[in-house]
Amino acid sequence: MTRHDVRDSHLEVRSSGIGSPVLLLHGFTGRAADWTDLAVALRRAGHRTVVVDLLGHGRSDTPADPGQYAVDRQATDLAALLRDVVGPSPADVVGYSMGARIALCLALDHPGAVRRLVLESPSAGIADPTGRAARQAADGRLADLLERDGIEPFVRVWEAQPIFASQAALPPTVRARLRVSRLANQPEALAASLRGAGQGVAPSTHARLATLQMPTLLVAGALDSIGRQRAEALAAGIAGARLEMVGGAGHAPHLERPAAFRRLVTGFLASPSPAT
């Protein structure tokens, strides 16, 4: 584990293995350890994994200013981190949910840093102003709950969302481990992340999708109706993008159907790059 300086903060980074680098970005309330099984599979396939605790999560710093968490600022930080950790050559990038939004911004703003792009349960933002305002208000209420009542009441509300309903089918040990991981977060940091990087404040990138030229894999769970629609919208906007639906999975295929997700990712990263 290494503490890496970015701007005024530090990110916790775990780099291991040899071969072509893969950057792994977890989702909101997650941490680098969420990728343990996939990282092992990638290293066995001949990759070097670079796994990050995103700002406000895990062992990384937890600034109070929501502006520090803005998706484009985090993407720029990660581009600099990749240059420092793996050098000037591009890396493959895998992101889940919030991490997928940051990964997408990284590919759009710093295309030279990304060789291949894997987006699990992604979103290109909310283009409709009314929808954006409603999501910002909802995220604000969650942030208020975190600041007022702390982490445990928030986690109860967070886990009760319909988007996570399919996770009730996970083995009890997996559900317990996931809950412990969520409870380990600092409430003030999660509140700042919601206010700075939530979908209600992050800019919509739908109009920019056509500029992406790197091979792209989009993954969604077949049980996640909202996630499927968002992934389909990205697939329609990114030329040549490959779209995969994982049966029996909801919002988190890497957690709910890990073997299927590993096969998709390792197979995609091993495929030849088309001429550009």
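The values are calculated or read from the model by the stated rules, or taken from the named source; none is laboratory data. Computed from a prediction, not measured in an experiment: that's the story for all the values here. As a convention, Cβ positions derive from the backbone with ideal geometry for all residues, glycine included, and neighbour counts pool all protein chains shown. With ligands, DNA and RNA removed, areas are computed over all heavy atoms of the protein, side chains included. Shrake-Rupley method; radii C 1.70, N 1.55, O 1.52, S 1.80 Å.
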Exercise for the section: State whether the residues of segment 123-131 include one that is over 21 Å from Leu54 (Cβ atoms), without any contact (Cβ under 8 Å) to a residue 24 or more places away in the chain, surrounded by fewer than 21 Cβ atoms within 10 Å (Cβ to Cβ) and of a type in the set (Asp, Glu). Expected result: yes
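Matching residues to (1) within 23 Å of Ile126 (Cβ to Cβ); (2) free of Cβ contacts under 8 Å to residues at least 40 places away in the same chain; (3) among the aromatic types (Phe, Trp, Tyr):
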| position | (1), (2), (3) |
| --- | --- |
| Val174 | no, no, no |
| Arg177 | no, yes, no |
| Ser193 | yes, no, no |
| Val201 | yes, no, no |
| Gly227 | yes, no, no |
| Arg230 | yes, no, no |
| Ala241 | yes, yes, no |
| Ala252 | yes, no, no |
Exercise for the section: Please name all residue pairs, on different chains or six or more residues apart, with Cβ atoms under 9 Å, provided the first residue is in segment 42-65 and is in contact (Cβ under 8 Å) with a residue 24 or more places away in the chain and the second residue is in a loop (DSSP other than H, G, I, E, B) and among the β-branched types (Val, Ile, Thr). Expected result: Arg43/Ile18; Gly46/Ile18; His47/Ile18; Arg48/Ile18; Leu55/Thr62; Gly56/Thr62; His57/Thr29
Practice task
Being exposed (fewer than 11 other Cβ atoms within 10 Å of the Cβ) and either over 22 Å from Gly227 (Cα atoms) or touching a Pro at 6+ places or on another chain (Cβ under 6 Å) (or both) is the filter here, so list the residues in segment 153-174 that pass it.
Solution key: Pro171, Pro172, Thr173
Fill in the blank from the handout: Scanning segment 43-100 for residues that are farther than 14 Å from Val22 by Cα and among the β-branched types (Val, Ile, Thr), the one surrounded by the most Cβ atoms within 10 Å (Cβ to Cβ) turns out to be Val71
Exercise for the section: For Leu190, state whether it is farther than 28 Å from Arg48 by Cα and in contact with a helix residue (DSSP H, G or I) (Cβ under 8 Å, 6 or more places away or on another chain). Expected result: yes
Completion exercise
Ala249 vs (1) modelled with pLDDT of 95 or more; (2) open to solvent by 30 Å² or more (accessible area, probe 1.4 Å); (3) over 16 Å from the mean Cα position of the chain (by Cα): all pass except (2)
Exercise for the section: Scan segment 252-269 and give yes if some residue there is open to solvent by less than 50 Å² (accessible area, probe 1.4 Å), closer than 20 Å to Gln161 by Cβ and assigned to a loop (DSSP other than H, G, I, E, B), otherwise no. Expected result: yes
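Residues checked against (1) of a type in the set (Gly, Ala, Ser); (2) open to solvent by 40 Å² or more (accessible area, probe 1.4 Å); (3) under 17 Å from the mean Cα position of the chain (by Cα):
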position: Pro187; (1), (2), (3): no, no, no
position: Leu209; (1), (2), (3): no, no, no
position: Leu223; (1), (2), (3): no, yes, no
position: Arg230; (1), (2), (3): no, yes, yes
position: Ala236; (1), (2), (3): yes, yes, no
Handout entry: segment 218-246 - residue that is of a type in the set (Val, Ile, Thr) and farther than 20 Å from Arg31 by Cα and, of those, modelled with the lowest pLDDT
Key = Ile226
Exercise for the section: Scan segment 91-100 and give yes if some residue there is in contact with a Gly (Cβ under 7 Å, 6 or more places away or on another chain), in contact (Cβ under 8 Å) with a residue 24 or more places away in the chain and of a type in the set (Gly, Ala, Ser), otherwise no. Expected result: yes
Handout entry: Asp139 part of a helix (DSSP H, G or I), charged (D, E, K, R) and out of contact with any helix residue (DSSP H, G or I) (no Cβ under 8 Å at 6 or more places or on another chain)
Key = no
Problem - Subset of segment 106-122 (residues that are over 15 Å from Pro215 (Cα atoms) and in contact (Cβ under 8 Å) with a residue 60 or more places away in the chain) - result: Ser121, Pro122
